[in-house]
Amino acid sequence: MMKITYTEPTDEDRIRLISEKYTKEHQWRKLIEEVNELIEELGRGYPPDEGFLTEAVDVAIMVKQVVNQHGKNDEFNAEMRYKLFRQVERMNQEGLLSVNEYANYRAQGDEWEELIERMSREN
């Protein structure tokens, strides 16, 4: 007899559940609402307070839901990875990274070649 055990849902599981229960249009409108609330918090000036953190999390959750609803998780993750690697390259060019930092954080192998090729196409 096979024993089935309960496992606690992850945050990703919860995001998936929420995104499956609301329509794409509803979540799109909600995302716009949350982005506007974040903009209001940003308008309060620097340094950010607790309201900024709350609104930033709301936006992040909504973005993940909308991306999930449109089946774009892989593309989203690939684009995020590209933009992170691109920023590390820019920081290196600006002299903000030590040799060791750059070696540890830059894209490697095929990813590096793809990054450099894409960056050259964008410029």
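The values are calculated or read from the model by the stated rules, or taken from the named source; none is laboratory data. Keep in mind that what you see is a predicted model, and the values were worked out from it rather than measured. Here the Cβ positions follow ideal geometry from the backbone for every residue, glycine too, while neighbour counts run over all protein chains shown.
So which residues in the stretch 46-74 are more than 18 Å from I32 (Cα to Cα), of a type outside the set (G, A, S) and either part of a loop (DSSP other than H, G, I, E, B) or in contact (Cβ under 8 Å) with a residue 12 or more places away in the chain (or both), if there are any at all? Hits for the stretch 46-74 are Y46, P47, P48, D49, K72. Report, by residue number, each residue of the stretch 46-67 that is modelled with pLDDT under 95 and either surrounded by fewer than 12 Cβ atoms within 10 Å (Cβ to Cβ) or within 20 Å of D13 (Cα to Cα) (or both). Hits for the stretch 46-67 are Y46, P47, D49, E50. More than 30 Å from S19 (Cβ to Cβ), assigned to a helix (DSSP H, G or I) and among the polar types (S, T, N, Q) - does that describe any residue in the stretch 85-96? Scanning the stretch 85-96 turns up at least one residue that is more than 30 Å from S19 (Cβ to Cβ), assigned to a helix (DSSP H, G or I) and among the polar types (S, T, N, Q).
Considering the stretch 75-107, and only residues there that are among the hydrophobic types (A, V, I, L, M, F, W, C) and closer than 29 Å to E34 by Cβ, the residue that is surrounded by the most Cβ atoms within 10 Å (Cβ to Cβ) turns out to be F85.
Summed over the stretch 1-29, residues that are under 10 Å from N68 (Cα atoms) and of a type in the set (S, T, N, Q) total 1. Apart from one condition, K72 fits all of (1) surrounded by 10 or more Cβ atoms within 10 Å (Cβ to Cβ); (2) farther than 30 Å from S120 by Cα; (3) at pLDDT 95 or above; the exception is (2). Does the stretch 103-123 include one or more residues that are of a type in the set (S, T, N, Q), at pLDDT below 95 and part of a helix (DSSP H, G or I)? Checking the stretch 103-123: at least one residue is of a type in the set (S, T, N, Q), at pLDDT below 95 and part of a helix (DSSP H, G or I). Residues in the stretch 9-47 that are of a type outside the set (K, R), more than 20 Å from the chain's Cα centre (by Cα) and more than 23 Å from N73 (Cβ to Cβ): E40, G43, G45, Y46, P47.
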